[in-house]
C-alpha cells in the first residue's frame with residue numbers, strides 16, 4: 001500500500017484543502033463558499049449545529065458528493081481519486097452487513113481499499129483481539145450486540161491503517177464504554193501522526209480533543225484556527241461575578257449572554273464592552289460583590305457570539321450553566 | 001476493476017452460500033431426479049429377485065411373439081407341455097431358480113387370457129409387460145390368419161399419417177409444435193428469471209441503503225462501480241442457478257432417459273420429449289436474451305430501490321418496472337398463436353418487451369434480421385437506461401426520507 005501511495009505528498013502539507021467550496025441541493029444551500037485547510041498531523045474539529053453543513057462538507061472531502069463550485073484537495077490529490085483509499089471514513093449513519101460474518105465483513109472493507117484478503121483478515125483479527133471480539137470473528141454481525149457492532153464499525157474504519165481519519169459525529173449513539181474506546185483509538189492514531197478530522201455539534205467534545213476547529217453555521221464558516229488562539233482572541237469577552245443581592249443591575253448590560261452560576265453570574269460581553277463598566281454597574285446597583293474575574297470564554301460562549309443564541313442552544317449548553325435569557 | 005471484483009465476489013458468495021439458494025438450486029433437480037430414480041431403483045431391486053420366466057405354450061403359435069416382446073427386459077425359457085411339467089416348475093419356483101411360469105393355451109388365442117404362476121405377484125410393471133406381450137402376440141396371430149403377418153405387425157406399431165401443406169413444403173408439424181412449445185416455455189422462464197433476479201438486485205440495493213452501509217462503501221468505490229458489481233454479482237448467481245438446472249436437465253435426458261426407457265419401454269412416449277429440448281442455437285439465444293434483459297431490468301430495479309427508504313416504498317416503486325415485464329406476458333398467447341402478425345412483429349421490437357417476445361418468435365421462425373434488430377435496439381437501450389439509472393442511483397442511495405417526485409428525479413439525472 002504505502003509503496004503505491006507515498007505517505008507524504010510533497011505537493012501539499014495539508015491533509016485537506018477546500019477552496020471556495022459551494023454545494024446546493026435544489027433550493028437549499030448546504031455549504032457556501034467554504035475555505036478550509038487542515039494541517040497534516042492535527043486533530044481538527046468541524047463544529048456546528050445540526051444542519052449546518054458538516055456532513056455535506058465531509059462527503060465532499062471524501063468525493064461522495066461533488067461540489068457545485070470550488071476545489072477539494074485530499075491528501076494532495078483529487079477527492080474521489082485514489083487518495084481516499086488512504087482515508088478512514090466513519091460516516092454519521094454507519095451500517096454493517098448484518099448477514100455477513102464479522103471477519104468476512106471486515107475482509108470486504110479491506111478489500112475494497114486495495115488490501116489483499118489475507119492481509120485484511122490478519123489485520124482484522126489483530127484489531128478484534130485488541131477490542132476483545134476475537135471469539136466473535138466467525139459469528140454473523142447481526143448476532144452481535146449494538147456496542148460490539150459499533151466496535152466492528154471502528155475496526156472497519158481503521159483496518160487499512162489510514163493516514164487520515166474522518167469521523168462524522170463519531171460519539172453520537174455510542175455507549176459510554178465505546179466512547180472511551182474510540183477516544184483512545186483516536187488519541188493513539190494521533191500520537192502516530194495520523195491526521196484526524198471529526199465533526200461534532202458538541203463543543204465540549206471539540207474542546208477536549210481538538211487542537212484546531214472550524215465553526216460553521218447555516219452553510220457558512222464562522223471562524224477557524226487553533227483552539228487556544230481562538231480562545232485568547234476572544235478573551236476580552238467573559239466575566240464571572242460572584243455576588244449577593246438583587247439581579248436588577250443585570251438589565252441593560254451590554255452582554256451577549258448572562259448565565260447563572262453557583263454564586264453569581266457569568267456574563268459574555270458584547271464586542272467592545274469594557275469589563276470595568278460592568279463592575280461599576282454592579283457597585284452602583286449596591287449588590288454585595290464577593291468576586292470579580294475575567295475568564296476565558298467557554299466554547300459555547302464563543303459560539304453564541306458568532307452563530308447566535310439559537311444555534312448555540314441547539315448545540316447544547318455546557319452543564320453547570322443556566323441561561324438567564326438572551327442579550328438585554 | 002479489482003474493486004468491482006470484490007463487490008461481485010461478496011454479492012455472489014453471500015447469495016450462493018445462503019441456504020435457500022442451495023435448497024432451491026440443488027433440491028429442485030434432485031427432487032426431479034428422485035421422482036425418476038426411485039422407481040428405477042425399486043425395479044432394479046426387483047430385477048435381482050425376478051429371474052427367468054418360463055413359458056409353456058400349448059398353442060405352438062404364440063411363443064415366438066411373446067418371447068421377442070418380453071426378451072428385451074425379461075429372460076424367458078420355453079418348456080413343452082407334458083404331464084407333471086407343472087409340478088416340476090413349481091419346485092423350480094420353490095428353489096428360486098425361476099420367478100414363475102406363464103401358461104398360454106387356446107383361451108389365450110381366442111380371448112387373450114393366460115395364467116401366470118409364481119411365488120408372489122410380480123411388480124405392476126411386469127404384469128403390464130407380460131399382459132401386453134401376450135395380448136399383442138395373440139392379436140398378431142389372429143390378424144395374420146386373415147392377411148399377412150408383416151402387415152399386421154406394422155399396424156400394431158401404430159402407423160403414421162403424413163401431414164402436407166398446400167405450398168408443398170411438407171412442413172413437419174411435430175417439429176413446429178416442439179418449437180412453439182420451447183418458445184413458450186422459454187418466454188415463461190425468461191419472465192420468471194428476469195423478475196426474480198431483478199427483484200433480488202432491488203433488495204440488494206435497498207439493503208445497503210437502509211442499513212446505511214452504502215455510505216462507507218461509496219467513500220471508496222464509485223457508485224457506478226458498486227451498482228455494476230451488484231448487478232454482475234446477482235446476475236452471476238442467476239447464471240449459476242440456470243447453469244445447474246440446464247446441466248442437470250441435460251444429464252438427465254442424455255443418460256437418465258435412455259436408461260429409463262430401457263427399463264420401462266412402455267414409457268416410450270417420454271423419448272419423444274427429447275425432441276422438445278432446445279437446440280444449441282436456441283439455448284444460446286435464450287442466454288443472450290436473459291443476459292440483455294437482465295441488464296436492462298436490473299438497472300431499472302436498482303434505480304427504483306435507490307429512490308426508496310423502506311421495503312414498503314420499494315414494493316410500490318417497482319410496480320412500473322414490473323409492468324414492463326407483465327405486458328409481454330399478457331400478449332404472449334396471441335403472439336404465439338400468430339407469431340408474425342403486426343402485434344408480434346412490432347411489440348417484439350420494443351426493447352423492454354424483446355426478451356420475452358422475440359425468443360418465442362425466433363423459435364417460430366421469425367426472420368433473423370428482426371431478431372438482430374431487437375438485439376441491437378436492446379443494447380442501445382441498456383446503455384441509455386444504465387446511464388440514467390446510474391445517476392438516479394448515485395444521488396438516491398444517499399437520500400433518506402421522502403420518496404422523490406418525478407421532477408426531483410429529473411433534477412437528479414441532470415445534476416448528478
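Things to note:
- Sorted peptide list for B:180-189, B:217-226, B:245-254, criterion being average Cβ within 10 angstrom, highest first: B:217-226, B:180-189, B:245-254
- A Förster radius of 41 Å combined with the Cβ-Cβ distance from residue B:387 to residue A:270 puts the calculated FRET efficiency at roughly 0.15.
- Peptide-level mean, for B:208-214, of C-beta atoms on other protein chains within 10 Å: 5
- Förster radius 22 Å - calculated FRET efficiency between residue B:127 and residue B:106, Cβ distance, rounded to 0.05: 0.50
- Each DSSP beta bridge with both residues in region A:14-230 is either parallel or antiparallel, and the antiparallel ones are about 55%.
- Protection proxy ranking of B:81-91, B:319-329 - average other beta-carbon atoms within 10 Å, highest first: B:319-329, B:81-91
- For the pair residue A:283 and residue A:184, a Förster radius of 51 Å applied to the C-beta separation gives a FRET efficiency near 0.55, rounded to the nearest 0.05.
- Mean partner shielding of peptide A:24-30, defined as the number of other chain Cβ atoms within 10 Å of each residue Cβ, is 1.
- Computed extension length for residue B:251-residue B:340: 28.6 nm, one decimal, from 0.36 nm per residue of separation with the Cα-Cα distance subtracted.
- Extension gain from residue B:68 to residue B:52, taking 0.36 nm per residue of separation minus the Cα-Cα distance: 4.3 nm
- Residue B:22 versus residue B:196: modelled label distance in nm, points set 7 Å from Cα along the beta carbon direction: 1.8
- Taking 0.36 nm per residue of separation and subtracting the Cα-Cα distance, full extension of the segment from residue A:161 to residue A:92 would add 22.8 nm.
- For the residues of A:91-102, the average number of beta carbons from a partner chain within 10 Å of their own beta carbon is 5.
All of the numbers you see were taken from the coordinates with simple rules; none came from a lab. Treat the numbers as computed from the prediction; the structure is a model and nothing was measured. Here the Cβ is made from the backbone with ideal geometry for all residues, glycine too, and neighbour counts use every protein chain on show.
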